[in-house]
Each structure stands twice: as C-alpha cells, then as structure tokens.
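Working notes, structure below.
The values are calculated or read from the model by the stated rules, or taken from the named source; none is laboratory data. Here the structure is a predicted model, which means the values were calculated and not measured. Because the Cβ atoms are built from the backbone with ideal geometry, glycine has one as well, and the counts that use them run over all protein chains shown.
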Amino acid sequence: MAPSASEHPDFSSQSDPVDSARSVCSPVSVQVASLGEAYTQFQITNDEIAFLRFIRLHWSVGDLVQLLNSAESSLAVLASHALGVLGGKASVFPLAGALRRDETDVVGAAEDALWRVWFTEFGRDVRRRLREAVDLIEQGRRFAAIAVLDHILERDPSFSEAYHQRALAYYLDDAHAKALRDALRAVAINPCHFGAHVQAGHAHAALHQYEAALMCYHDALCVHPRLPGVRQNIRRIRGLMGDVPSFTV
C-alpha cells in the first residue's frame with residue numbers, strides 16, 4: 001500500500017544546501033543561500049506560511065525547476081522542498097522527473113515533495129481533513145475515514161489524493177471493486193500518482209486480474225523506478241500466474 005505523506009521529512013543526513021550555495025560567490029548563489037536559510041528556519045519553526053511567502057516573493061516555479069535540474073544534488077534537494085511547499089500542478093511534472101535521478105537524496109526529497117503537493121492541492125484546510133482521514137485509516141476506522149473522504153470529494157470531485165486514500169480504505173475493507181474504481185479515478189486525474197497506480201495494482205490482484213495488476217505496477221515503476229515493494233509484488237503475481245506475462249518490467 002502507498003505510504004502516508006510525511007509532512008516534514010527528516011533530511012538531516014543529507015548535505016547542507018546552504019553550505020553548497022555559499023561555496024560559489026555570485027548573485028545567484030546568494031539567492032540560493034537565502035533560500036537554504038529560509039528552509040532551515042522552516043524546519044526549526046514549522047512555519048509553512050512564512051516559508052511559502054518567502055518563496056513566492058523571491059522565486060518563480062521556473063527558477064526552482066532550474067535549481068531542481070542542477071547537477072549538485074544538495075541544490076536539487078533544496079528545490080524539491082521549495083516546490084513541495086509552493087505546490088500547484090506546475091510543480092508535479094518536474095518533481096516526477098526527479099524521481100528518475102540517480103541520487104537517492106534527490107529521489108527521496110522529490111517523493112516527499114510530491115506527497116505534500118498532492119495533499120495540499122485544495123488548500124490547507126482540506127489537507128487537515130485529508131490528514132484526519134489518513135489517521136482514521138491508520139487507526140482501523142475505515143468507515144469513518146470513508147465518510148470524511150466522501151465529504152471532501154463531494155466538495156472537490158477532482159481531488160486525486162482523496163480518491164487514492166478512499167481506494168486504500170476500501171481495499172483494507174476488502175471492497176476491492178470500489179478500491180479499483182477510486183484508484184483508477186486518481187490516476188485518470190493525476191497520471192504521475194505512483195501510489196494510486198500501485199493501489200490499482202493491488203485491487204486488480206485481489207480481484208485475480210493478474211495481467212492488469214502487472215500493468216499497473218509497471219506504470220508505477222515508469223513514474224518512480226525506485227518505489228519500494230513494487231518489484232516484489234510483480235514477482236509474487238508472476239508466481240501466481242505460473243507463467244511469464246507478455247511484457248517485462
């Protein structure tokens with residue numbers, strides 16, 4: 001199953017983007033250093049609004065994407081954090097592209113940023129309701145979680161993350177056809193949603209639709225090649241099928 005979004009992941013083991021930015025003295029490096037300092041302050045204070053205000057004042061999405069594409073991994077990590085807080089559909093494809101990089105720290109930062117973007121797509125108030133639903137799912141209170149998600153989707157019927165979370169709740173309640181329906185809705189809205197692709201694969205597998213499950217797992221890996229557990233699921237499904245499917249992953 002897809003992981004819950006981590007609101008404030010710990011990147012303490014990674015190289016310091018502020019130090020990297022300071023290593024070159026130029027107007028751009030000073031701007032990057034100030035972004036790194038603002039992010040460090042955000043980690044200390046957890047003041048998302050202040051960090052978002054700083055980003056909007058000093059950075060465009062295009063500039064952050066350029067930083068994300070930097071060969072210096074610490075700068076790409078910093079850009080991922082900033083794009084995750086900035087949010088918006090324009091952040092999704094660049095961050096999804098970063099999932100295919102070789103550096104594990106960049107991939108981890110991009111993944112966490114995407115979860116933040118998806119959870120915050122319809123604003124922070126809706127994000128709080130969505131987090132409430134996630135907490136209910138983790139507590140095993142699936143009916144209550146589905147009720148919260150139903151209410152969110154009545155208001156915002158194009159909210160892909162709400163469909164993904166409801167698919168998870170249905171799947172855990174063994175309502176596999178409903179889980180599949182919602183997971184497919186999520187990926188129809190957001191083709192980059194690797195978690196929803198995986199959830200669709202789980203639902204197909206539970207319905208003994210093994211070839212379709214493999215296709216969904218393949219789609220997830222096309223977006224996020226390092227996504228944990230997916231290749232193990234593929235091997236398990238191939239074992240259940242007893243033969244080699246018509247495509248390889």
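Matching residues to (1) over 25 Å from residue 95 (Cβ atoms); (2) not hydrophobic (A, V, I, L, M, F, W, C):
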residue: 114; (1), (2): no, no
residue: 134; (1), (2): no, no
residue: 148; (1), (2): yes, no
residue: 156; (1), (2): no, yes
residue: 161; (1), (2): no, yes
residue: 165; (1), (2): no, yes
residue: 171; (1), (2): yes, yes
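Is it fair to say residue 165 is out of contact with any helix residue (DSSP H, G or I) (no Cβ under 8 Å at 6 or more places or on another chain) and without any contact (Cβ under 8 Å) to a residue 40 or more places away in the chain? So residue 165 fails the test. Give me a count of the residues in segment 88-130 that are at pLDDT below 95 and in contact with a Ser or Thr (Cβ under 6 Å, 6 or more places away or on another chain). Count: 0.
Filtering segment 70-124 to residues that are in contact (Cβ under 8 Å) with a residue 24 or more places away in the chain and not in a helix (DSSP H, G or I) leaves 72, 87, 88, 99, 100, 101, 103, 120, 121, 122. Counting only helices (runs of 4 or more DSSP H) that sit wholly inside segment 142-237, not one has at least 3 residues that are in the same structural domain as residue 106 (by TED's automatic domain parsing), among the aromatic types (Phe, Trp, Tyr) and in contact with a Pro (Cβ under 6 Å, 6 or more places away or on another chain). Going through (1) within 21 Å of the chain's Cα centre (by Cα); (2) crowded, with 19+ Cβ neighbours inside 10 Å; (3) over 22 Å from residue 111 (Cα atoms) one by one, residue 205 falls short only on (1). Given the criteria buried (at least 19 other Cβ atoms within 10 Å of the Cβ), more than 20 Å from the chain's Cα centre (by Cα) and modelled with pLDDT of 95 or more, does residue 49 qualify? Spelling it out, it is not the case that residue 49 is buried (at least 19 other Cβ atoms within 10 Å of the Cβ), more than 20 Å from the chain's Cα centre (by Cα) and modelled with pLDDT of 95 or more.
Can you find even one residue in segment 29-42 that is β-branched (Val, Ile, Thr), outside any helix (DSSP H, G or I) and modelled with pLDDT under 95? Among the residues of segment 29-42, not one is β-branched (Val, Ile, Thr), outside any helix (DSSP H, G or I) and modelled with pLDDT under 95, which makes the answer no. Each residue in segment 148-175 was checked for being of a type in the set (Lys, Arg) and within 20 Å of the chain's Cα centre (by Cα), and 1 of them qualify. Being among the basic types (Lys, Arg), part of a helix (DSSP H, G or I) and surrounded by 17 or more Cβ atoms within 10 Å (Cβ to Cβ): is that true of residue 128 here? Answer is no for this residue. Restricting the first member to segment 197-222 and to residues that are among the β-branched types (Val, Ile, Thr), and the second to residues that are at pLDDT below 95, the beta-carbon pairs closer than 7 Å and six or more apart or on different chains are 198/2.
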